[in-house]
Each structure stands twice: as structure tokens, then as C-alpha cells.
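A.B. asks: Structure in C-alpha cells, see below.
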Amino acid sequence: MTVNDVLTVHGGTPLHGRIRVRGAKNLVSKAMVAALLGDAPSRLYDVPRIRDVEVVRGLLELHGVRVSDGAEDGELVLDPANVASANSDEINVHAGSSRIPILLCGPLLHRLGHAFIPDLGGCHIGPRPIDFHIQALREFGAVVDKAADGMHLTAPNGLHGTKLELPYPSVGATEQVLLTAVMANGVTELRNAAVEPEIIDLICVLQKMGAIIKVHTDRVIEIQGVPRLGGYTHRPIPDRIEAASWAAAALATGGDIEVLGAEQVDMMTFLNVFRSVGGAYEVTDMRPPRNGSPGQEGKIRFWHPGGELKAVALETDVHPGFMTDWQQPLVVALTQARGLSIVHETVYEQRLGYTEALNSMGATIQVYRDCLGGTPCRFGRRDFKHSAVIAGPSKLHAADLVIPDLRAGFSHLIAALAAEGTSRVYGVDLINRGYEDFEAKLAALGAHAERA
Ligand code: EPU
């Protein structure tokens, strides 16, 4: 953390105005990796300027992919014509900075016959193991050696299709299987796959490149390997996590925010909860220009309609459930709801640590080891504090806060904006990992915040 990595936030002002979200971080970074598999350039639009994109760009460039900015703002052109091995010391510069490098395994094995993956980073929200990834890669025929500096992989007999069943519908492991199976020899059947919209969008990207992928019912995905893939041109789905974060900010501060680019279809579960809490929203669908009449950008306006917010019970889950990444920002708004709200976190075992900071600001949140949701989850038996009861409404007051991870970080920021008084939020640079230009957006919404 640098001296300048602090935001002074003068809270108590409702956020009002409009901001725009671009392509989903959790699709864009994977689509960039997919470009490695092609034998022609790929073009990706609406790429946000965030640190995760910079990390993936750096890693791809180290492996010989030429990445350049296209003519349109946010357009990236990725040319994999000269893919080559990279020096492991150079790769290790990116160690600890993101979870994405693990997804380079399959594409690098296909392109080069070997891969080196540095130690992973990402948010500290639990142990975040990679056992599903390694198991899947081994079943494709990869030889995986774990060393002190990272992971070395080879595929002496090539990669071949296989039948797999994930112990849990992991997003990353599903992506690993997709990115490996598309060019493996033969057919792969993946059971208990994750089917998040970002995964379906990645499947669209791969299909544009020439892949043959069938999404069956009941979380079964079948991939028929093909010998070569080309490039793609793709406009990603919008970032539904960022959109929900601003929605929560509108509710918690008693404000009114129009999120340009947000789409209803992938946010339906969030919208249901938002309405149940007492928030209001209005969806405007995107309309392409037609017969001389101009088109219209899609957007969702989120606001606090006045009156009291209502407590809710919610459980995070894999898609189509309530996303774990929506949880932290929304909990700040739940501190303002009358009654007892219950949040059962079933995706990550340690994603409620940030509630301590909210308590230091006057919230009343108690965390429990028990599964307080309707369904017992895999963490209940393992002694993790993964359920929270939020008693409200609580008047939040200013505090000094240290940002622990990306989404919790944004929730700290919302809390500081909602609180009376001046808070200092340390480690805000972490928010740049996933929220483009968040300081400019805060300013556009009338927030009073400045560096240091
Ligand atoms: N898991 C294992 N073993 C594995 C892989 C996962 O046990 O090999 C467990 C995890 O520990 C976790 C659960 O499975 O308890 C789900 O993890 P998943 O693999 O689905 O998460 P991920 O792919 O690492 C992505 C997003 C996360 C998002 C989750 C869930 C990216 C880069 N990250 O992580 O986003 O929370 O899916 O939707 O796509 C964020 O954007 O801030 C973020 C953390």
C-alpha cells in the first residue's frame, strides 16, 4: 500500500447521477486468454481499464501475443501469430496478482506443449484451492509438477477428451475445462459445470472461434475437440457485479443512480432481492438503430424510493442463485433495513470478514458458523463463520477502514459514503482491480471524496 493509497470520504450525501459499466471483468479476462488458442487475431470490445485486464495483457504479451488498442475506446486486438515460451522469472512478476493465470494451462499446452503458471493471487476470501483445475488437467493427459516457484505442465501424449464431474460447479474449473477441451482430441463431457452468464459468454467466444460446444440441461456441457481455432470478434456481456455494486450504493446512501449498459436478464435474481428490500428500479432495454431512428443504450436506474427498507433473508449460490459478489455491497444497504436480515454465504467460506469494519461504523452484524439459510451447505460442517445476521436500521458513523479484498473494498467505500462524517479508506487501489475509473464515477455521482 502506498502513502497515496488512501481515500478521504465525506459521507452522508446521497449519490445521484449516471455512470456506465463496460464488459464484465470475469468474462473479458477469460476471452483474452481464449485468444491464445486461435491462429488469427481476435477483437474484443468494451474492455474496461482495470488492473485484472492489465495483468492478463502482460501475461499474454510475455507469451508472444501482440495486444494493441483498436480504433474504438475499449477495443483490444489480440494477435497470437507469434506465441512463444516465456521466461519463468518474467512470468513470476505476475505471481499473486490475479487468479487468471491458471486458465492459461490448456491454451499454452495446446500451443507450446508446455506451460508454467506462477503462484496465484486474487482476493483473500478463503483458501481458494485449485484442486479441481489440476485434477481436470491430469484427466486430459497433462503432467502437472508443482514446484516452489509455481506449476510446470507438459502433455507428452497430447491432450485428449475425457469425462469429468466437478465436485462443485466452480466457475474457474469449468472455464479451465472449456479452454482445454476445445482443442483436445475427441469429446469431453463435463458434469456439474458452472453455467454463469460469463461462462455462456465464453462459450459464445469459443464458438465464434470454431469450437463445438453443447450446453445440455442439468449442468452438463459437451465439447467436441477440433484441430484448429480462428480468431473472434466479440462484445462482452456487461459487468453485472459492478452494476449491482452501484445499485447497492444508491440504496445505502438514499440516492438515485442510472447504470448505463446494465442489462436485466443476468441480474434477475439481484433485482428480486433489491425490490424485496424496498429498493426501486426501472429497466430500459437496449434498442438498436432502425429505419433511420436512433438506437438507445440499455440501462437500469436504481433508487431509494423513501420510507423504510425491509430486512430479507438471502443465500448466495452459483447461477442462477444470488451471486456471492453481490453480497458485500448489498449488506451495507441491509444495515439500513428494519428488522433482522440473514445472509448465508455458500460459495466462499470466508467472505464475511468485512462485516467487522461495518460494525466498527455502528452496524450490528453477528456472524455464525451455522448454516442459517434454508439449505445446509458444505461449510456448515467445517466450522467456518459463513452466516450473518444484520440487525437494523443502524446509523453508520465515519471510521478508518482498510480494504481487505475487491468486493469487500467496494462495500467499505459504500459504507463510508453512507456514514455521517469523514472516513479514511486505506488500500483503495485494490478497487481498480475490478471497477473502472471508480473515483471519476464517484465524482460524477456527487460523492465528496479525495485522495489522502
Ligand atoms: N474451488 C475448489 N477447488 C477448485 C476451484 C474452486 O474448492 O479447484 C471452490 C472455491 O474455493 C470456492 C468455490 O469452489 O469455494 C467456487 O469457486 P470458483 O472456482 O467458482 O471461483 P473462481 O473461478 O475462482 C470466479 C470469479 C469470482 C467469483 C466466483 C464465483 C473470476 C476471475 N473470479 O472465481 O469473482 O466470486 O467465480 O462466482 O472470474 C470477483 O470478481 O471479485 C471474484 C472474486
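The values are calculated or read from the model by the stated rules, or taken from the named source; none is laboratory data. Quantities reported herein were computed from a predicted structural model and do not represent experimental measurements. A quick note on method: Cβ atoms are made from the backbone with ideal geometry, for glycine too, and the neighbour counts reach across all protein chains shown. We work out accessible area using only protein heavy atoms, side chains counted, and drop any ligands, DNA or RNA first. Shrake-Rupley method; radii C 1.70, N 1.55, O 1.52, S 1.80 Å.
A.B. asks: Across the stretch 65-83, what is the number of residues that are open to solvent by less than 40 Å² (accessible area, probe 1.4 Å) and part of a loop (DSSP other than H, G, I, E, B)?
C.D. replies: Of the residues in that region, 6 qualify.
A.B. asks: Here's a follow-up. What is the residue count in the stretch 127-184 for residues that are within 12 Å of the ligand (Cβ to nearest atom) and open to solvent by 60 Å² or more (accessible area, probe 1.4 Å)?
C.D. replies: 5
A.B. asks: Got a sec? Which of Leu396, Leu413 is over 15 Å from Gln336 (Cα atoms) and open to solvent by less than 50 Å² (accessible area, probe 1.4 Å)? If you could, list the steps in order and put the result at the bottom.
C.D. replies: On the way: Leu396 fails: over 15 Å from Gln336 (Cα atoms).
Answer to the check: Leu413.
A.B. asks: Could I ask something else about it? Residue check: is Gln366 surrounded by 20 or more Cβ atoms within 10 Å (Cβ to Cβ), farther than 13 Å from Ser411 by Cα and away from the ligand (no atom under 16 Å from the Cβ)? Even if it seems obvious, please write down each step before you answer.
C.D. replies: Details: surrounded by 20 or more Cβ atoms within 10 Å (Cβ to Cβ): no; farther than 13 Å from Ser411 by Cα: yes; away from the ligand (no atom under 16 Å from the Cβ): yes.
No.
A.B. asks: Any residue that is aliphatic (A, V, I, L, M), touching a Ser or Thr at 6+ places or on another chain (Cβ under 7 Å) and either closer than 23 Å to Glu356 by Cα or surrounded by fewer than 23 Cβ atoms within 10 Å (Cβ to Cβ) (or both) - is there at least one of those in the stretch 425-440?
C.D. replies: no
A.B. asks: Testing Arg351 on (1) charged (D, E, K, R); (2) surrounded by fewer than 24 Cβ atoms within 10 Å (Cβ to Cβ); (3) within 16 Å of the ligand (Cβ to nearest atom); (4) under 26 Å from Arg275 (Cβ atoms), one condition comes back false. Which one is that?
C.D. replies: So Arg351 meets the others, but not (2).
A.B. asks: Moving on to the next point. Can you go through Gly321, Gly261, Gly292 and tell me which one is farther than 28 Å from Lys395 by Cβ and touching a Lys or Arg at 6+ places or on another chain (Cβ under 6 Å)?
C.D. replies: Exactly one residue qualifies, and that residue is Gly261.
A.B. asks: Something else about it: Within the stretch 250-277, how many residues turn out to be farther than 19 Å from Thr316 by Cα and of a type outside the set (D, E, K, R)? Walk me through it before giving the result.
C.D. replies: The initial filter retains those residues of the stretch 250-277 that are farther than 19 Å from Thr316 by Cα, namely 250-263.
The next check asks that each one be of a type outside the set (D, E, K, R); those that pass are 250-255, 257, 259-262.
Matching residues across the stretch 250-277 total 11.
A.B. asks: Scan the stretch 223-269 for residues that are within 16 Å of the ligand (Cβ to nearest atom) and more than 20 Å from Thr324 (Cβ to Cβ) and jot them down.
C.D. replies: If the condition is that a residue be within 16 Å of the ligand (Cβ to nearest atom) and more than 20 Å from Thr324 (Cβ to Cβ), then Pro236 is the only one that fits.
A.B. asks: Report whether or not Asp89 is free of Cβ contacts under 8 Å to residues at least 12 places away in the same chain and either within 16 Å of the ligand (Cβ to nearest atom) or open to solvent by 50 Å² or more (accessible area, probe 1.4 Å) (or both).
C.D. replies: Numbers: free of Cβ contacts under 8 Å to residues at least 12 places away in the same chain: yes; either within 16 Å of the ligand (Cβ to nearest atom) or open to solvent by 50 Å² or more (accessible area, probe 1.4 Å) (or both): yes.
Answer is yes for this residue.
A.B. asks: Is there any pair linking a residue in the stretch 264-288 that is under 14 Å from Phe302 (Cβ atoms) and not assigned by TED's automatic domain parsing to the domain that holds Leu309 to one that is modelled with pLDDT of 95 or more and open to solvent by less than 20 Å² (accessible area, probe 1.4 Å), with Cβ under 9 Å and at least six apart or on different chains, and which?
C.D. replies: From residues that are under 14 Å from Phe302 (Cβ atoms) and not assigned by TED's automatic domain parsing to the domain that holds Leu309, there are no pairs.
A.B. asks: Being open to solvent by 30 Å² or more (accessible area, probe 1.4 Å) and among the small types (Gly, Ala, Ser) is the filter here, so list the residues in the stretch 252-290 that pass it.
C.D. replies: Gly254, Ser276
A.B. asks: Within the stretch 196-218, which residues are β-branched (Val, Ile, Thr), surrounded by fewer than 20 Cβ atoms within 10 Å (Cβ to Cβ) and over 18 Å from Gly161 (Cβ atoms)?
C.D. replies: Selection gives Ile200, Thr217.
A.B. asks: Still on this structure, please answer the following. Out of curiosity, is Gly12 more than 16 Å from the ligand (Cβ to nearest atom), of a type outside the set (Ser, Thr, Tyr), on the phi > 0 side of the Ramachandran plot and in a strand (DSSP E or B)?
C.D. replies: No.
A.B. asks: Output yes when any residue across the stretch 332-343 is farther than 20 Å from Gly278 by Cβ and touching a Ser or Thr at 6+ places or on another chain (Cβ under 7 Å), and no when none is.
C.D. replies: no
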